[in-house]
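The values are calculated or read from the model by the stated rules, or taken from the named source; none is laboratory data. Fair warning: this is a prediction, and the values are worked out from it, not measured in the lab. Cβ sites come from the backbone with ideal geometry, for glycine too, and all protein chains shown count toward neighbours. Areas reflect the complete protein model, heavy atoms only, side chains present, ligands, DNA and RNA absent. Shrake-Rupley method; radii C 1.70, N 1.55, O 1.52, S 1.80 Å.
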Amino acid sequence: MRIHIVNPNTTRSMTDKVAAAARAVAGPGVEILADQPAMGPASIEGYYDEAFAIPGMLACIRAAESQGVAGHVIACFDDTGLDAARSVCTTPVIGIGEAAYHVASLVAGRFSVVTTLSRSIPALEHNLHRYGLAARCARVRAAEVEVLALENAGLAAAARVSAEIAAAVAEDRAEAIVLGCAGMADLAAELSKEHGLPVIDGVASATALVEALARVGARTSKLGGYAMPLTKAYTGSFAGFAP
Ligand code: 5HY
């Protein structure tokens, strides 16, 4: 079985980090294929970055789908371009945000999310409502660290994430924590031990879910919203994206 994981931003160290996190949980005989777009933002922090990450991410998804993978992980916690990706796939496509929310809801009555910057919070709150899990989330918090700080000044950024987890336990009655950034994937085990509660990483969660869906034969429905795109002209630099 081959599972494709795409980091929708263009920072190679994050792609390598999410690939390592996926390979750590992949079952026997499961090969992880990791990539990132050739174009787009170095990190995704809000709606504008997200808009320019999606075309390149979709190019990665379409290429991998054509190579016959068992499914895809979108390794950006906003679940960037998830619905568009499902529209061009028959295999499962799982976003790390949706995956982490579901896993947290299976091991705790209520959870809090700790993401990077406050500007990312509304999109995550919207997704919680979209997925029907807002009632299980006590609060979406921000550690106020930039995404790429998790790649560079790791210890200082990790300390701020840890401090926000402590606040979530003390103030939100959080019974589990969801890490709200793909760049936090390597922190989950240590933070869980430090704070004594489940700390859920979406990369590992999504990888395991894609593998499970492939094993049970659950494929993306092609009826309704996820039907394949209609044939039409696409012009300019997007001409190659035509369905
Ligand atoms: C992510 N941004 O997982 C999100 C997290 C965020 O480039 N990868 C990014 O802060 O929105």
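Sparse packing (at most 11 other Cβ atoms within 10 Å of the Cβ) combined with a DSSP loop state is found for the following trypsin sites (Lys or Arg not before Pro) in the range 179-243: 232. The charge dipole of the chain, taken about the Cα centre with unit charges on the Cβ atoms of Lys, Arg (+1) and Asp, Glu (-1), comes to about 700 debye, rounded to the nearest 20.
I want to verify the translational diffusion coefficient of the range 82-180 in µm²/s; compute it with Stokes-Einstein, Rh as the Kirkwood radius over Cα pairs, at 10 °C and 1.306 mPa s. Write down the numbers at each step before the final one.
Numbers: Rh = 14.2 Å.
Reported coefficient: 112 µm²/s.
Peptides 55-67, 103-115, 29-41 ranked from most to least packed by the mean count of surrounding Cβ atoms within 10 Å: 103-115, 55-67, 29-41.
For the chain, the longest principal axis of the Cα atoms and the long axis of helix 121-130 meet at an angle of about 70 degrees.
A crude spin-label estimate for the pair residue 222 and residue 83, with each label 7 Å from Cα along the Cβ direction, gives 2.1 nm.
Restricted to Cα atoms, the chain shows a radius of gyration and a Dmax of 17.2, 55 angstrom. Packing, taken as the mean count of other beta carbons within 10 Å per residue, orders the peptides 167-173, 47-53 from highest to lowest as 47-53, 167-173.
Could you please state how large a percent of the accessible area of the range 97-201 is carbon and sulfur, counting protein chains only and using a 1.4 Å probe?
Numbers: 2380 of 4460 Å².
Roughly 53 percent of what the probe reaches on the range 97-201 is carbon or sulfur.
Rounded to the nearest whole Hz, the Karplus-based 3J(HN,Hα) values (6.51 cos²θ - 1.76 cosθ + 1.60, θ = phi - 60°) of the range 48-56 follow the sequence 5, 4, 4, 4, 8, 8, 5, x, x, with x at glycine and proline.
Computed over protein heavy atoms with a 1.4 Å probe, the accessible surface of the range 1-97 works out to 35 Å² per residue.
With the contact rule set at Cα under 8 Å and sequence spacing of 6 or more, what percent relative contact order holds for the range 60-105? Intermediate results must be reported in sequence, preceding the final value.
Values: 49 pairs, mean separation 18.2, N = 46.
Over the range 60-105, the number comes to 39 percent.
Loop-located chymotrypsin sites (Phe, Trp or Tyr not before Pro) in the range 196-243 (DSSP state not H, G, I, E or B) with no more than 13 neighbouring Cβ atoms inside 10 Å: 234.
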